[in-house]
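Working notes for the structure below.
The values are calculated or read from the model by the stated rules, or taken from the named source; none is laboratory data. Nothing here was measured: the structure is a model prediction, and the numbers come from that model. Here the Cβ positions follow ideal geometry from the backbone for every residue, glycine too, while neighbour counts run over all protein chains shown.
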Protein chains: 2
Amino acid sequence: MGSTGVGLREVAERSGFSKSSHFHHFSSKEELYFEVLSRVHARIEKSLAPVFEAESDPALQLRSWVEALIDALAEHQTTARLLLRGLFEDNDWVPERIPARAQAESTLDSIPAKARGIVQRGVVEGVYRNVSVPHTLQSLVGATVYHFASGEIGEALLGGSIFSSEEVQRRKQEMTQLFDFGLARKSKS
Amino acid sequence: MGSTGVGLREVAERSGFSKSSHFHHFSSKEELYFEVLSRVHARIEKSLAPVFEAESDPALQLRSWVEALIDALAEHQTTARLLLRGLFEDNDWVPERIPARAQAESTLDSIPAKARGIVQRGVVEGVYRNVSVPHTLQSLVGATVYHFASGEIGEALLGGSIFSSEEVQRRKQEMTQLFDFGLARKSKS
DNA sequence: GTCTATAGTGAGATAGAC
DNA sequence: GTCTATCTCACTATAGAC
């Protein structure tokens with residue numbers, strides 16, 4: 001399938017190995033693809049792990065989570081796009097023959113699953129409004145991943161590179177403030 | 001190019017016409033693809049048009065914009081995915097031979113451009129914090145488009161269909177509240 | 001304007017020498 | 001483990017009958 005977005009020709013050019021060499025390490029192109037995807041997912045999960053080491057105020061912890069996610073997506077220009085590409089996969093694959101696929105999926109699923117706990121706790125402890133936890137996660141992930149995948153469209157809007165350190169810093173600030181204020185319980189005052 | 005995500009074989013099956021028949025209406029598969037994409041963009045733009053007919057309070061107008069965008073994306077299950085797919089196109093195409101491409105792009109660009117005015121006005125008039133206008137647009141678009149493109153991942157999180165009328169309604173509520181509170185200037189109290 | 005048949009191209013994958 | 005050569009197949013596109 002060509003639905004990975006990259007052909008073996010291009011893989012061969014960039015890796016320096018011939019096309020056929022890859023078939024001695026992976027039984028198919030799809031397996032290679034999922035191996036790559038799996039490592040990307042694992043890297044992101046690893047970047048987020050420190051956030052969960054200690055429980056603190058949910059709002060602070062969510063802020064750390066957002067900043068860690070942004071750092072992970074900003075590290076390589078391809079990461080966010082690979083992540084989104086994963087959503088569009090035609091699930092016509094035969095799962096048995098691609099063990100790396102299950103690995104990639106379970107790691108991916110664990111990312112929002114762990115963040116879920118933070119938002120949940122924020123609602124229960126009353127620091128957040130009574131927001132929908134899944135919708136909030138969708139907004140968090142969507143606003144972050146889309147931004148770093150938006151390419152030319154995003155750069156046209158920003159008027160500069162999405163990945164410059166100033167803009168990455170700016171993104172963290174805008175995101176954390178948006179969700180700090182947007183999720184906070186209204187003060188009774 | 002197969003980067004459209006769909007082959008002519010599948011197009012033929014679903015349209016009821018043979019593969020070759022399409023070449024009498026479109027000079028290439030790419031032109032057909034951009035014709036489809038262009039109509040999707042035009043439909044979204046048309047859905048958003050009423051929002052700009054009268055200037056009102058920026059916060060109310062942005063709320064209308066979000067709700068209209070959500071309605072447009074919720075109408076067909078493929079819309080949000082088509083939109084995102086557009087971001088990933090390898091721009092190896094020869095622009096001269098595909099007039100529909102320019103059409104699709106200009107319509108797409110006009111969507112955030114028009115919304116930009118609303119957020120801008122909100123900041124200038126002081127109903128919003130001094131947020132970054134482009135980052136806010138990225139968050140708005142990202143949180144909306146990603147959600148309706150998220151497919152199985154989103155449904156696993158929600159525990160049900162993304163496109164059910166209850167969940168669409170819920171999405172509107174969560175999004176409008178998030179941005180109402182998230183962008184609002186802090187009251188001095 | 002639609003069809004069948006087919007050409008041309010490039011993809012993923014295999015065989016076998018080194 | 002990597003290579004060259006080759007196979008097979010699906011895809012885009014064309015030719016020409018109806």
Of B:Leu8, B:Leu84, B:Leu32, which residue is over 21 Å from B:Thr176 (Cβ atoms), touching a Lys or Arg at 6+ places or on another chain (Cβ under 7 Å) and aliphatic (A, V, I, L, M)? B:Leu8
Is there a residue being closer than 16 Å to B:Thr78 by Cβ and within 10 Å of DNA strand C (Cβ to nearest atom) anywhere in the range B:12-25? yes
Answer yes or no as to whether A:Ser28 is within 15 Å of DNA strand D (Cβ to nearest atom) and within 14 Å of another protein chain (Cβ to nearest Cβ). no
Looking only at residues that are outside any loop (DSSP other than H, G, I, E, B) and of a type in the set (Val, Ile, Thr) in the range B:148-174, which one is farthest from the other protein chains (Cβ to nearest Cβ)? B:Val168
For the range A:76-94, state whether one or more residues are touching a strand residue (DSSP E or B) at 6+ places or on another chain (Cβ under 9 Å) and more than 14 Å from DNA strand D (Cβ to nearest atom). no
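Filter the range A:121-142 down to the residues that are in a helix (DSSP H, G or I), under 22 Å from B:Thr176 (Cβ atoms) and more than 9 Å from every other protein chain (Cβ to nearest Cβ) and list them by number.
Going residue by residue through the range A:121-142, those that are in a helix (DSSP H, G or I) are A:121-124, A:133-142.
After this cut, where a residue has to be under 22 Å from B:Thr176 (Cβ atoms) as well, the list is A:122-123, A:133-142.
Matches in the range A:121-142: A:Gly122, A:Val123.
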Among the residues of the range B:10-21, is any within 16 Å of DNA strand D (Cβ to nearest atom) and within 14 Å of chain A (Cβ to nearest Cβ)? yes
Report whether or not B:Val145 is among the β-branched types (Val, Ile, Thr), surrounded by 20 or more Cβ atoms within 10 Å (Cβ to Cβ) and over 18 Å from A:Glu174 (Cα atoms). yes
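Could you list, in sequence order, all residues of the range B:175-189 that are in contact with a Leu (Cβ under 9 Å, 6 or more places away or on another chain) and either more than 9 Å from chain A (Cβ to nearest Cβ) or surrounded by 23 or more Cβ atoms within 10 Å (Cβ to Cβ) (or both)? Reasoning before the result, please.
First pass over the range B:175-189, keeping only residues in contact with a Leu (Cβ under 9 Å, 6 or more places away or on another chain): B:175-176, B:178-183.
Those that are in contact with a Leu (Cβ under 9 Å, 6 or more places away or on another chain) and either more than 9 Å from chain A (Cβ to nearest Cβ) or surrounded by 23 or more Cβ atoms within 10 Å (Cβ to Cβ) (or both): B:Met175, B:Thr176, B:Leu178, B:Phe179, B:Gly182, B:Leu183.
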So A:Ile153 ticks every box in (1) closer than 30 Å to B:Ser110 by Cβ; (2) modelled with pLDDT of 95 or more; (3) buried (at least 18 other Cβ atoms within 10 Å of the Cβ) but one. Which box is left unticked? (2)
Hey, can you tell me all the residues within the range A:118-140 that are without any contact (Cβ under 8 Å) to a residue 40 or more places away in the chain and not hydroxyl-bearing (Ser, Thr, Tyr)? A:Gln120, A:Val123, A:Val124, A:Asn130, A:Val133, A:Pro134, A:His135, A:Leu137, A:Gln138
Only listed residue being basic (Lys, Arg) and within 14 Å of another protein chain (Cβ to nearest Cβ), chosen from B:Arg39, B:Arg63: B:Arg63
Please work out which residue is surrounded by the most Cβ atoms within 10 Å (Cβ to Cβ), limiting yourself to the range B:20-52 and to residues that are free of Cβ contacts under 8 Å to residues at least 12 places away in the same chain and of a type in the set (Lys, Arg). B:Arg39
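Can you tell me which residue among B:Glu35, B:Glu67, B:Glu55 is within 16 Å of DNA strand C (Cβ to nearest atom), charged (D, E, K, R) and in contact with a helix residue (DSSP H, G or I) (Cβ under 8 Å, 6 or more places away or on another chain)? Quick ask: steps written out before the conclusion?
Details: B:Glu67 fails: within 16 Å of DNA strand C (Cβ to nearest atom); B:Glu55 fails: within 16 Å of DNA strand C (Cβ to nearest atom).
The unique qualifying residue is B:Glu35.
Is it fair to say B:Val145 is at the interface with chain A (Cβ under 7 Å from one of its Cβ atoms), assigned to a loop (DSSP other than H, G, I, E, B) and under 29 Å from A:Glu155 (Cβ atoms)? Show your work before the answer.
Working: at the interface with chain A (Cβ under 7 Å from one of its Cβ atoms): yes; assigned to a loop (DSSP other than H, G, I, E, B): no; under 29 Å from A:Glu155 (Cβ atoms): yes.
Criteria not met by B:Val145.
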